[in-house]
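Below is one structure, written out as structure tokens; the observations come after it.
The values are calculated or read from the model by the stated rules, or taken from the named source; none is laboratory data. In this text the structure is predicted, and so the values were computed from the model without any measurement. Don't worry about glycine lacking a Cβ; one is built from the backbone with ideal geometry, like all the others, and counts go over all protein chains shown. Side chains included, ligands, DNA and RNA excluded: accessible areas come from the protein's heavy atoms. Shrake-Rupley method; radii C 1.70, N 1.55, O 1.52, S 1.80 Å.
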Amino acid sequence: MRTPTRRTVLASALAAAGTGLLAACSSGSDSMNGMDHSAMNHGPTNPAAAPAGFVAPNGPEVAAAEAKRKPGPERKVALTATETTLDLGGRTVRSWAYGDRLPGQEVRATLGDTLAVTLANHLPQPTSLHWHGLALRNDMDGVPGVTQEAVRAGASFDYRFALSRPGTYWFHPHSGVQQDRGLYAPLIVEDPEEPLRYDKEWVVVLDDWVDGVDGSTPDAVLAELAKGMGGMDHSSHGMPGMDTGGGTASRDAGPSRMLMGATSPLLGGDAGDVAHPFHLVNGRLPSAPETFAAKPGDRIRIRLINAGGDTAYRVALGGHELTVTHADGFPVEQATAQALLLGMGERYDVLVTVKDGVFPLTALAEGKNATALAVLRTGGGAAPDASVRPAELDGRLLTAGQLRADASVRLPAKAPDRTVRLELTGGMAKADWAFNGRPYDPAQRYPVAAGERVRLEFRNSTSMWHPVHLHGHSFALGADGPRKDTAIVLPGATLAVDFDADNPGLWMVHCHNVYHSETGMMTVLGYQA
């Protein structure tokens, strides 16, 4: 069987360019009933190069922008997405992953490299790779139905793009709810002129886990949530951190995972929709945590990544303060804190000068009464208990809005040329999450023009928080706020962020709660041709 490559995919897209975007159905809650959510890619299997009036993902404007990045030496990587058995630390589960490890093998490259990744799909479904946080060429962004065809089962796809910013990033599918399986891994882009000085580096990936536990799958969770909460009997539904044997989404889908009663003042109320039975650090349960070894006095750079599907984490290192150096890959004016709050998709880099002893790195599943754990060991002593809650979790908390961008990456002052207003709408009662009351339709575009300063104004009229993510760009939180690509919007709040339209193509904007995005809270920004 002939395996399609990136070139054949793009050739087929070019062949369709004259016809405009193929008709695509909405993923709204009404259209989801009875559908196989595991195969949902929200759009045509063979997207045209672009709808009329918009820059094509593989158009000359995209090629010109890539050339300006001056692609350098290749960093070649082979990835295989496959069904496998994962050991979470005394508990094994069947899931999908990159190879046979969780998280997937870290990819590390250098600023200026050309990342050349071949993805082989050994899964029973189509898949893709999205490079979260990178400003890369549009046809490599990994969104089926928008920037590429889905990579079908048994096929492979070649991703190739220049790395134009150092920082802490990660990658995952943009196909259905596959991200809430084991399909994720860190991507670290090193700066050859790194200004920070440290002795060791620790990459910490946080995740909420449901796949393979007592018959549960993310697809069954999505199917249950898509029915909405209205009129349901919640008496047997799962509570935070518990495996319940009560009501089930279907006969073979495991216990109900719909979460009731999770609240957090930090998140403005409702903390989440899904009762994930486990919370992990680097793929390990709190009862069998990863241990990171160092010497007293070492200066450690910790790169924190929230790869969860539905959970914000409040993170603290027992007995230590954290000095925040980067947010979503961009440097900030350094600030100290005892705890950090990370929504799904957010990343922070911190520096810590470590003391002598054994210390818990605890990630509290905010509002869900559960924790994930890793251990820092610099000396003798007993390992902390799995349920440890260091005092720093309730200490001085830092959130993104308190940070200032480092002067080297601050956006120049400029009034916006265009404002795109996106109201966050819907709720769990009907599972009708959307922007501006309209569930995701890949044919809809919010136009922007190259060279503009664009303001995105997110107004959250829902009763829940949402981590909103912009593909292919970074935005500024306020005039001198940090540069980020993912930011929390609290219920009842309005968040305005600015970015420069300097990366042509079709770019997703969506909530990074994977269950909210898959039930409609996604849309597309399109550069006008």
- prompt: Looking only at region 110-127, which residues are closer than 16 Å to P186 by Cα and crowded, with 20+ Cβ neighbours inside 10 Å?
  reply: L115, V117, L119
- request: Go through R483, R410, R459, R396 for me and flag whichever is modelled with pLDDT of 95 or more and within 30 Å of P360 (Cβ to Cβ).
  value: R396
- request: Would you check which residues across region 421-453 are surrounded by fewer than 18 Cβ atoms within 10 Å (Cβ to Cβ), at pLDDT below 95 and among the basic types (K, R) and list them?
  value: K430
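For every residue, the table says whether it meets (1) within 26 Å of P60 (Cα to Cα); (2) open to solvent by less than 10 Å² (accessible area, probe 1.4 Å).
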| site | (1), (2) |
| --- | --- |
| S463 | no, no |
| H466 | no, yes |
| S474 | yes, no |
| D485 | yes, yes |
| L490 | no, no |
| P504 | yes, no |
field: Test result for P360, more than 20 Å from the chain's Cα centre (by Cα), assigned to a strand (DSSP E or B) and modelled with pLDDT of 95 or more
entry: yes
message: Could you check region 127-150 and list, in sequence order, the residues that are within 23 Å of D207 (Cβ to Cβ) and in contact with a Leu (Cβ under 9 Å, 6 or more places away or on another chain)?
response: T127, S128, L129, W131, H132, G133, L134, D141, G142, V143
query: Is it true that some residue in region 335-343 is more than 30 Å from D270 (Cβ to Cβ), in contact with a His (Cβ under 9 Å, 6 or more places away or on another chain) and buried (at least 17 other Cβ atoms within 10 Å of the Cβ)?
result: no
field: Candidates G215, G230, G261, G238, filtered to the one that is in a loop (DSSP other than H, G, I, E, B), modelled with pLDDT of 85 or more and closer than 18 Å to A429 by Cα
entry: G261
- prompt: How many of the residues in region 490-528 are touching a Gly at 6+ places or on another chain (Cβ under 6 Å) and small (G, A, S)?
  reply: 1
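From the list G345, G309, exactly one residue is in a loop (DSSP other than H, G, I, E, B), within 24 Å of R483 (Cβ to Cβ) and among the small types (G, A, S). Which is it?
Details: G309 fails: within 24 Å of R483 (Cβ to Cβ).
Just a single option satisfies the conditions, and that option is G345.
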task: Would you point out which residue out of E452, E423 is among the acidic types (D, E), free of Cβ contacts under 8 Å to residues at least 60 places away in the same chain and under 26 Å from P331 (Cα atoms)?
output: E452
task: Would you point out the residue of region 65-88, among those that are of a type in the set (G, A, S) and crowded, with 17+ Cβ neighbours inside 10 Å, that is nearest to A162 (Cα to Cα)?
output: A65
- prompt: When only residues in region 355-374 that are aliphatic (A, V, I, L, M) and without any contact (Cβ under 8 Å) to a residue 60 or more places away in the chain count, which is farthest from D310 (Cα to Cα)?
  reply: V358
- prompt: Any idea how many residues of region 89-109 are surrounded by fewer than 16 Cβ atoms within 10 Å (Cβ to Cβ) and hydroxyl-bearing (S, T, Y)?
  reply: 1
- prompt: Restricting attention to region 177-200, which residues are part of a loop (DSSP other than H, G, I, E, B) and open to solvent by less than 10 Å² (accessible area, probe 1.4 Å)?
  reply: V177, L183, Y184
message: So, in region 375-413, exactly how many residues are touching a residue at least 40 places away in the same chain (Cβ under 8 Å), hydrophobic (A, V, I, L, M, F, W, C) and not in a helix (DSSP H, G or I)?
response: 11
- prompt: Could you say whether any residue in region 190-207 is modelled with pLDDT of 95 or more, under 19 Å from F330 (Cα atoms) and in contact with a helix residue (DSSP H, G or I) (Cβ under 9 Å, 6 or more places away or on another chain)?
  reply: no
- request: Could you name every one of the strands (runs of 3 or more DSSP E) located completely within region 466-516 that has at least 2 residues being free of Cβ contacts under 8 Å to residues at least 60 places away in the same chain and in contact with a strand residue (DSSP E or B) (Cβ under 9 Å, 6 or more places away or on another chain)?
  value: 466-470, 494-500
The lone exception for G133 - which of (1) within 13 Å of the chain's Cα centre (by Cα); (2) at negative phi; (3) open to solvent by 10 Å² or more (accessible area, probe 1.4 Å) it fails: (2)
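Can you say whether T311 is open to solvent by less than 10 Å² (accessible area, probe 1.4 Å) and more than 27 Å from M464 (Cα to Cα), as far as the supplied structure shows?
The answer is no for T311.
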